[in-house]
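Report on the following structure.
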């Protein structure tokens, strides 16, 4: 056993009780962070919880709890506790692994839970060679030492598996390190670089683009370093008018040019469960905002020229060449959704025409000045949640290491085999013994099989 440290501070942080307490507090606060919606506008919390409670939640950063100073402090304290707990106990494990098991006395072997005594017609020297060869054939690598009254052989497997729990400890530290690296609070207050890691959102109307977002924590603008354009937004509704599904068609621009994404395309269909990641920045389809304006696309079938306008209801707009004009004079819908739109379309050569067009549909309009394709849809803005988390790969690596550590800790064991060969009236007396720190039932079966195989081997 390692010598006990009498430093009260060290003993406090090495306490398993402290670890359990911190785990309980972290679990409880994480539940709070799950129940209370995170990163919502300030007005949301006032509306849901009242002004006084909203002020308290703002003071404690409950609205962004996982980036709050006190939650990160709890993680730091837990990390310190985990490190000191490991440092306190690892020397004892090393001592067990490095123990000189060849010093074990023969009387001690008979007291181990798994032991068997065999007789051999061979001399002790020949029996020693036979046992050594047998263990080597079975995958053990025995060491030997001559004693006063015989020869001791020892072999072990899986000594390193005693460190499985500490592999789990390291994995937890790596996961927490990844969480801190990906924290916007760490980026802003420690690194003094808000662009290193952030969480925010942006609302982009159809046909518009942006090269910045707004931070959840501070509301400040954060430059993306590239441009994101919303080409198109579509939404489906249930019969009762509630939204069913929605998606955005997003293009990333660099220096004004569309970027070819990993799938080989320049347009990404952004849905709720289909995010877009570019240069470490991930965009999630979060919500949407309907407008009373309309997105109108006019294409001349004669010249092939296309123009796109955002116009409100009741406003007349002229084409770029000035030959025709058009506008929205009425609409029909349910709730926030527009189903049909009444169009006014005219030119200088004939009386204007009016007609109804389903939302997000195209019509061919024939006029004396030419034929036109007209597409009209209600204007929407896509609301995107945007994150940059450079610690995510640390988290993934930590999770992988944790799975490995848990496998080692629960499904592997440190197994030991002794064989003591002594002289018994010119013939060999062999004592086999074994031990395992885990899965003793399984080791018992293997030990019995090992003895049975040796009895067949020595014949």
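The values are calculated or read from the model by the stated rules, or taken from the named source; none is laboratory data. Treat the numbers as computed from the prediction; the structure is a model and nothing was measured. Neighbour counts run over all protein chains shown; Cβ positions are idealised from the backbone, glycine included.
Restricting to region 109-157, and then to whatever is over 48 Å from the mean Cα position of the chain (by Cα), assigned to a helix (DSSP H, G or I) and free of Cβ contacts under 8 Å to residues at least 12 places away in the same chain, can you tell me which residue is surrounded by the most Cβ atoms within 10 Å (Cβ to Cβ)?
129
Looking only at region 378-414, which residues are out of contact with any strand residue (DSSP E or B) (no Cβ under 6 Å at 6 or more places or on another chain), surrounded by 19 or more Cβ atoms within 10 Å (Cβ to Cβ) and over 30 Å from residue 438 (Cα atoms)?
389, 391, 394
How about region 340-459: which strands (runs of 3 or more DSSP E) wholly inside it have at least 3 residues that are within 43 Å of the chain's Cα centre (by Cα)? First the steps, then the outcome.
On the way: elements: 350-358, 361-367, 370-388, 415-424, 427-436.
In region 340-459, the matching strands (runs of 3 or more DSSP E) lie at 370-388, 415-424, 427-436.
Restricting attention to region 183-193, and to residues there that are surrounded by 20 or more Cβ atoms within 10 Å (Cβ to Cβ) and touching a helix residue (DSSP H, G or I) at 6+ places or on another chain (Cβ under 6 Å), which single residue is nearest to residue 381 (Cα to Cα)?
This residue is 184.
Condition check: on the phi < 0 side of the Ramachandran plot and in contact (Cβ under 8 Å) with a residue 24 or more places away in the chain. Does residue 299 satisfy that?
yes
Which of the residues belonging to region 423-457 are crowded, with 17+ Cβ neighbours inside 10 Å and in contact with a helix residue (DSSP H, G or I) (Cβ under 9 Å, 6 or more places away or on another chain)?
428, 429, 430, 431, 432, 433, 434, 435, 436, 438, 450, 454
Mind checking whether some residue in region 37-45 is assigned to a helix (DSSP H, G or I), at pLDDT 85 or above and either surrounded by 12 or more Cβ atoms within 10 Å (Cβ to Cβ) or touching a strand residue (DSSP E or B) at 6+ places or on another chain (Cβ under 9 Å) (or both)? Working first, answer last.
First, the residues of region 37-45 that are assigned to a helix (DSSP H, G or I): 42-45.
Now narrow it down to the ones that are at pLDDT 85 or above: 45.
From what's left, either surrounded by 12 or more Cβ atoms within 10 Å (Cβ to Cβ) or touching a strand residue (DSSP E or B) at 6+ places or on another chain (Cβ under 9 Å) (or both): 45.
Yes, region 37-45 contains a residue that is assigned to a helix (DSSP H, G or I), at pLDDT 85 or above and either surrounded by 12 or more Cβ atoms within 10 Å (Cβ to Cβ) or touching a strand residue (DSSP E or B) at 6+ places or on another chain (Cβ under 9 Å) (or both).
Can you name every residue in region 227-242 that is over 25 Å from the mean Cα position of the chain (by Cα), in a strand (DSSP E or B) and in contact (Cβ under 8 Å) with a residue 12 or more places away in the chain?
So in region 227-242, the residues over 25 Å from the mean Cα position of the chain (by Cα) come out as 227, 229-242.
From what is left, the residues that are in a strand (DSSP E or B) are 227, 229-237.
227, 229, 230, 231, 232, 233, 234, 235, 237, listed by residue number.
Checking the condition touching a strand residue (DSSP E or B) at 6+ places or on another chain (Cβ under 9 Å), in contact (Cβ under 8 Å) with a residue 24 or more places away in the chain and assigned to a helix (DSSP H, G or I), which residue from 102, 75, 82 passes?
Result of the check over 102, 75, 82: 102.
Using the structure shown, decide if residue 277 is in contact (Cβ under 8 Å) with a residue 40 or more places away in the chain and part of a strand (DSSP E or B). Please lay out each step first, then the result.
Numbers: in contact (Cβ under 8 Å) with a residue 40 or more places away in the chain: no; part of a strand (DSSP E or B): yes.
For residue 277, the condition - in contact (Cβ under 8 Å) with a residue 40 or more places away in the chain and part of a strand (DSSP E or B) - is not met.
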